[in-house]
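Participant: Let me begin by handing over the structure; questions about it come next.
Bear in mind that the values in this text are calculations on the coordinates, not laboratory data. Please read all numbers here as calculations on a predicted model, not as lab measurements. So basically every Cβ, Gly included, is an ideal-geometry build from the backbone, and we count neighbours across all protein chains shown.
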Amino acid sequence: MRKKLISMLLCATMVATAVTGCGASDDKDTSDTSVKKGTDEGSKSDETVKLTLWGAEGDQDFLTDVVKKFQSTYSDQKFDIQIGVESESSAKDTVLTDIEAAADVYSFASDQIADLVRAGALANLDEVSEVLKKANKTLDDVKSANVSDSIEAATVDGKMYAFPTSGANTYFLYYDKSKISETDAANWDTILAAAKKAGKKVGMTLNSGWYVASFFYGAGFTTGLNADGTTTMDWNGTSPDGIKGTDVVKSMLDITSNSAFRAVTDGKLSDTLKSGDCCAIISGTWDAGVAAEVWGENYAAIKLPTFTVGDKQVQMHPAYGYKLEAVNAYSENMGWAVLLAEFISNEESQTKHFETAEQVPTNIKALEADSIKKNVAVAAATSQADFGVIQEVGGKYWDPAKTFGEMVAKGKISAKDDAAIQKVLDKLVDGVTAPLD
Amino acid sequence: MKVKKMKDSRLSTIILHNVLIGVIAFIWLIPIVWLVCTSFSAFSGMNTHTFFPEKWSISYYVKLFHPDTVAQFPQWFINTFVVACATCVISTMFVLMVAYATSIMRFPMRKPLMNMAVILNLFPGMLAMIAVYFVLKTFNLTNSYAGLIMVYSASSGLGYLIAKGFFDTVPRALCEAARIDGCSEARIFFQMVIPMSRPIVVYTVISSFLMPWMDFVYAKMILNAGVSSKYTVAIGLYKMLDKQLINDYFTQFCAGGVLVSIPISILFIIMQKFYVEGITGGAVKG
Amino acid sequence: MANRTKGTVAAAVSGFFKAIGGFFSGFGTAVAKGDLFVKLSLLWWGAGYVRRKQYVKAVIMTALEAAAILFTIFFAMDYVPKFGSLGTVQAEKVFNMDTMKSEFNDYDHSFKILLFSLFSFVVWFAAIIVWIKNVINVYKLQKMEENGEHINTFREDMKTYIGERFHITLLTLPVLGIVVFTLIPILLLVFVAFTNYDQNHMPPSQLFSWVGFKNFITLFGGGGLTSTFGYAFVRVLGWTLVWALFSTLTTYIGGILLSLLLNSKKTRMPKFWRFLFVLTIAVPQFVSLLLVRNFFADNGIVNTICDNIGLTGFLNDIGLVGTTYIPFLSAPGWAHVMIIIINIWVGVPYQMLIATGVLMNIPADQLESAKVDGAKPFQIFRKITMPYMLFITGPALVTDFVKNVNNFNVIYLLTQDVYTTTDQAMGNSQAQEVDLLVTWLFRLTQDYYNYKMASVIGIIVFIICAVFTLVAFNFMIKGDKEGTYQ
């Protein structure tokens, strides 16, 4: 209240000084009205709880529904809940531009959690867990109700920062049964051979750090995140499995140089799928509908294939993430925001979320539903849970990794020149591990 | 002159000349034709196989007027229209006021102020964006049309040069005579200079009216609550091309683009004449 | 236009300082020679007016003084004392179960401290001007009274604001708008260039502080942090200049040629043709450019057509293209050329309109006499039309260049999400070969919150534009041919 009055006063003074800066004039009117306005605005009633909620485009109807239920659950409290559109994948960018202006509750992909926590954007749930009593729960109940990996993905330094809402945020292989047999689909070489025979393409996105890492993770390489936000990376050396980074790159180049391979620009997977040029594509559950539509009854999905390094077959390990529901650390109605976020992530909502948008639940009970078990895409995605990697990287990872992926995709590296490949990897590691500036 | 004309008007050169223009115009229009054609496609995503859609339909125009959570075109149109009208009024006033003061009047701070304007115009506007955002936030104006209008019009005074150039062509003697007759400056401004400067007034009005229809950077920054019904046309359409949405909304985007372009084109055609008169009127006398 | 720019810079600077000098000497005289009430006005702004019975003015000035003092106590004092450190208290909060709300400590917000301190400086600066000006005015009143001249009543004073002081009425609001929405933001970000405002120091949860010239050193390759930053800067700067030069020249020349073509007597239906060209600029850029971007996408329609007619295969054979598609907007070189070509598409109709206007104003007698002398059309163009065009639009050419250096829309809309660099040194600095300084700056703020480097780049852009403008105008003044056309 005091702040607002002052800002109004300031506004008025500014006008006044500017006017008289070149003489004098009467502008008492302006200052009068603006002060009055300040008083009006200040007399807000404390009864209605105002909350904003952000969710992905496809989830708008689902969220409207959940909010309605939330309001009827806590019917003795008046709410004014606004739902806005913000996709999980870009939530961090929007939130960090101005944390205080961001929604009270929003959904984000788990790979953004480190940056969000470091910027202090997320509420520490341990500190506010007391409020869950209103929902007849404790934080431990939430932790035990969900798949343990999802809780781990929501935890930084032993503190829980968000509620898991859906899992299997990963990518796997969709293929056309009529062109590629299930045994062929196990291995890049056979997939590409089959595709070539059918005159079709195999699509994968390489110019994105999210996809390109799967080859390295598979070969036993790692990335890690330090407390100061810098990234660690060992891709230019030899992995614990005894595979050299340069050999991984060579295998990748082997794949990309195959005429049946198509490097798909980040974000264009669905387009490519729709165009009908492909008989196999690496993508996630969000493309299940498109794939089913394009291939009809020949639609199938399976875990990622293996790739050949030397004479060995190496399983690709995808980045495996979760979608989490965040509570803004600067939320005005912190308590209610926490309750709303919890409500969105409870068993009932998760089940509903699967029904409306095919989002795979993290809630253990919700996962047991028949419809989930029977879903082809979900089966493929969850079959990777054992070897999927929760990708831990800092902000400096993405651009160098993207550039590296693009170089591989475009064949800018010669597969014969070991020294050159090593140099590329060294530069990649340099860029990724650089201190934040 | 006449001799020349007769020589030039030989039929073959005329045909050749016009064919040349036709070819250039054709190249220029290809993307526009593609836009219009695609907007009538029956397919929601992008067609990458053929130039013309395989199936024609107006269903995506119909869809534009049946809002869903992403596309609320009628609402966006109204929002933008409101913002544009307000921007237009304020900007035009500011531009004409500054132009008159710097062109017709003489006062000690005139030159320093004009130089200041030149210097400010050299800074990249992008840079100031974050700060503008926080200024608006301080006054509680983010996520409001008032804030957006302020951003579009508050600094419009800096764009006074063309109008000033035009006012410079108003004969000094006329103003002097009016002053001697005891007219106040205000009367000279409103009753003499403005009516004489119709081209530049129209030009300023239209160009400031168009600003909110074109801008997506500031609008995206200021209307950041994610509420689709509050968007302007520019951000609304821009967001349709998000990675997650482009497949379902590309044709709608084209349809929306066509619908926005129609009124703007009409304004442009009107403005074209005044633009030519205004800009050269200003430039010639300088 | 030429008049305006001629000799402004040097003359204005010296004139400006003379004006300031006069201002302060006036103040000195007023204080020294003023009577008691003039001197009292130093403390109580309304004093002098009370003495001369200008009560309304006295009230206004007193109110203003009070406002300035209140502003200082209640607002400025919250922020300005922390300006040196940009804040020391970090945000901490405790959740209160009873109110269901978080309670924050009284934490410092570095950005707000910076912004509001700056704000306070501007207000104080204005207040000091008012204060000095006030004393001078009051002294003037004293003199007028001594000489027995008529002292304006309040009503008469007000009248001057639509009379000889009409410029004040006109300029107040626009200038205020510019100060708040352009000047203060720019100053603010100039200050940010000297702080460490970045991903690791983001308010409200974290604080940032002053670091001196460190960011500038980083940009020019020193500092050892990101050794690639300097490299990326040089590359981006190079492309920015090439782009600005080519885009300005191509659209300028293209515009003139097109307007000559359209305005020729041989053209049938010139209005219709002109309408067709204007149509392309009437479609908002974000629509037309996003569309063109998809048009030329790697698997877009143009590529399909090129593939079908065998162009892609041909280019493959001669080694121009190493992929199964033509990378119109996704490979360096190709993208650079395409961007300039697409810019011709958007820019030429605009220039055509301007050129049309200018061409119509060419003094008819000159053309006439040239024709009588038997000059050929090309000679007329070279000897009369072109010099005239250059004279009229020369200054606009300079402004266009500056505008193109800052041309965010075209580059951003055409390359965002489409172009991926394969130059690792660029990638490591979050830059791309097709970036202009402004788009790079934008990405640094939007995706990496690297406000400090973005500000540094912004300042560099300003310096480039300023130097170019100065040099260009000086050059033009030397080659002054003003008399020729007047």
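Participant: How large is the convex hull of the Cα atoms of chain B per residue, expressed in Å³ as a whole number?
Facilitator: In chain B, the Cα convex hull volume per residue is 193 Å³.
Participant: Here is a follow-up. Would you mind giving the mean number of other chain beta-carbons within 10 Å of the Cβ of each residue in B:264-272, as a whole number?
Facilitator: 5
Participant: Something else: If Lys and Arg each add +1 and Asp and Glu each add -1, what is the summed charge of the other residues whose beta carbon sits under 14 Å from the beta carbon of B:His49?
Facilitator: In short, -2.
Participant: Something else now. Please report how many Lys pairs in region C:130-236 have alpha carbons closer than 22 angstrom, counting only residues at least 8 apart along the chain or sitting on separate chains.
Facilitator: Eligible lysine pairs with Cα atoms under 22 Å apart amount to 4.
Participant: Determine, at each q value in 0.10, 0.11, 0.14 (inverse angstroms), the log₁₀ of I(q)/I(0) that the Debye formula gives when each Cα of chain A is one equal point scatterer.
Facilitator: -0.77, -0.89, -1.26
Participant: So what's the Cα pair-distance distribution over region A:150-198, bin width 5 Å, in %?
Facilitator: Bins of 5 Å from zero give 4, 18, 20, 9, 7, 7, 9, 12, 10, 4, 1 percent of pairs.
Participant: May I ask you to sort C:Arg268, C:Arg293, B:Arg110 by Cβ crowding, counting other Cβ atoms within 10 Å and putting the fewest first?
Facilitator: C:Arg268, B:Arg110, C:Arg293
Participant: Follow-up. Given an 8 Å cut-off on Cα distances and at least 6 residues of separation, report the relative contact order of chain C as a percent.
Facilitator: 17 percent.
Participant: Further question: Using DSSP, restrict attention to beta bridges with both residues in the protein assembly as shown and report what percent are antiparallel, rounded to the nearest 5.
Facilitator: Numbers: 37 of 55 bridges.
Percent antiparallel among DSSP bridges in the protein assembly as shown is about 65.
Participant: With the cut-off at 25 Å, report for region A:217-333 the share of all Cα pairs above it, as a whole percent. Don't jump to the answer; show the numbers that get you there.
Facilitator: Values: 2997 of 6786 pairs.
The share of Cα pairs beyond 25 Å in region A:217-333 comes to 44 percent.
Participant: Rounded to the nearest 500, what is the 222 nm mean residue ellipticity of chain C from helices alone, with -39500 (n - 2.57) per DSSP H run of 4+ residues and division by all residues?
Facilitator: Working: 23 runs with 314 residues, N = 486.
Computed mean residue ellipticity for chain C: -20500 deg cm²/dmol.
Participant: Counting Lys and Arg as +1 and Asp and Glu as -1, what is the net charge of the other residues whose Cβ lies under 15 Å from the Cβ of A:Phe387?
Facilitator: Overall, the nearby charge balance is -2.
Participant: Return, ordered by residue number, the residues of region C:141-185 whose backbone nitrogen is under 14 Å from a label point located 7 Å along Cα→Cβ of C:Phe121.
Facilitator: C:183-185
Participant: How fast does region A:246-305 diffuse by Stokes-Einstein, in µm²/s, taking the Kirkwood radius from C-alpha pairs at 4 °C and 1.567 mPa s?
Facilitator: The diffusion coefficient I find is 101 µm²/s.
Participant: Follow-up. With an 8 Å cut-off on Cα pairs and a minimum separation of 6 or more residues, tell me the relative contact order of region C:7-103 in percent.
Facilitator: The normalised contact order for region C:7-103 reaches 11 percent.
Participant: If the cut-off is a Cα-Cα distance under 18 Å, which aspartates and glutamates reach C:Lys93, setting aside same-chain residues fewer than 8 apart in sequence?
Facilitator: Once the sequence-local aspartates and glutamates are set aside, what remains near C:Lys93 is A:Glu100, A:Asp104, A:Asp126, A:Glu127, A:Glu130, A:Glu332, C:Glu103, C:Asp106, C:Asp108.
Participant: Could you order the peptides A:308-315, C:461-468 from most to least packed, using the average number of other C-beta atoms within 10 Å per residue?
Facilitator: Order by mean packing, descending: C:461-468, A:308-315.
Participant: Let me ask something else about it. Using Cα-Cα distances under 8 Å and only pairs 6 or more residues apart, what relative contact order does region C:138-224 have, in percent? Let's see the in-between values first.
Facilitator: Numbers: 34 pairs, mean separation 11.6, N = 87.
Answer for region C:138-224 is 13 percent.
Participant: Here's a follow-up. Among C:Thr439, C:Thr72, A:Thr183, what is the fewest-to-most ranking by other Cβ atoms within 10 Å?
Facilitator: Working: C:Thr439 25, C:Thr72 15, A:Thr183 9.
In increasing order of surrounding Cβ atoms, one gets A:Thr183, C:Thr72, C:Thr439.
Participant: Next question, about the same structure. List every residue whose amide H lies under 5 Å from the amide H of A:Ala301, counting only residues 5 or more places away in sequence or on a different chain, with H placed 1.01 Å from N in the peptide plane.
Facilitator: A:Tyr175
Participant: Please compute the Kirkwood hydrodynamic radius of the protein assembly as shown from all pairs of different C-alpha atoms, in Å with one decimal.
Facilitator: Computed over the protein assembly as shown, the radius equals 33.3 Å.
Participant: So, one more: Going down the list A:Lys177/A:Lys274; C:Lys57/C:Lys112; A:Lys410/B:Lys55; A:Lys197/A:Lys274, which pairs span over 28 Å between their C-alpha atoms? Provide the component values of the computation, followed by the final result.
Facilitator: Details: A:Lys177/A:Lys274 17 Å; C:Lys57/C:Lys112 35 Å; A:Lys410/B:Lys55 35 Å; A:Lys197/A:Lys274 21 Å.
The pairs that break the limit, which is 28 Å between Cα atoms, are C:Lys57/C:Lys112; A:Lys410/B:Lys55.
Participant: Among the complete DSSP H segments of chain C, which ones combine at least 15 Å of alpha-carbon extent along their axis with a mean Kyte-Doolittle hydropathy of 0.0 or more?
Facilitator: Helices passing the filter in chain C: C:8-33, C:55-70, C:110-146, C:166-178, C:227-263, C:270-282, C:334-360, C:386-405, C:451-478.
Participant: Hey, could you get me the Stokes-Einstein D for region A:308-437, Kirkwood radius over alpha-carbon pairs, 4 °C and 1.567 mPa s, rounded to whole µm² s⁻¹?
Facilitator: D, rounded to a whole number, is 69 µm²/s.
Participant: Moving on to the next point. Could you sort out which of A:Lys250/A:Lys374; A:Lys200/B:Lys239; A:Lys427/C:Lys403; A:Lys50/A:Lys352 sit more than 29 Å apart by Cα distance in this structure?
Facilitator: A:Lys250/A:Lys374; A:Lys200/B:Lys239; A:Lys427/C:Lys403
Participant: What fraction of the Cα pairs in region C:226-273, stated in percent, has a spacing above 17 angstrom?
Facilitator: 58 percent
Participant: One quarter of the convex hull surface, Cα atoms only: what value does that give for region B:1-123 in nm²? Please list the in-between numbers first.
Facilitator: Values: hull surface 68.6 nm².
That works out to 17.1 nm², a quarter of the Cα hull's surface.
Participant: Over the Cα atoms of region C:323-396, Rg to Rh with Kirkwood Rh, two decimal places?
Facilitator: 1.24
Participant: Sort B:His66, B:His49 so that the residue with the fewest other Cβ atoms within 10 Å of its own Cβ comes first and the one with the most comes last. All intermediate terms of the calculation are to be shown ahead of the outcome.
Facilitator: Numbers: B:His66 10, B:His49 14.
Starting with the residue having the fewest Cβ neighbours, the order is B:His66, B:His49.
Participant: Using a cut-off of 13 Å between beta-carbons, work out the net charge of the residues near B:Met105 (Lys and Arg +1, Asp and Glu -1, B:Met105 not included). All intermediate terms of the calculation are to be shown ahead of the outcome.
Facilitator: Details: positive: B:Arg106, B:Arg110, B:Lys111, B:Lys164, B:Arg172, B:Arg179, C:Arg165; negative: B:Asp168, B:Glu176, B:Glu185, C:Glu164.
Net of charged neighbours comes to +3.
Participant: To the nearest whole number, what is the average tally of beta carbon atoms from other chains within 10 Å of the beta carbons of peptide A:306-313?
Facilitator: 0
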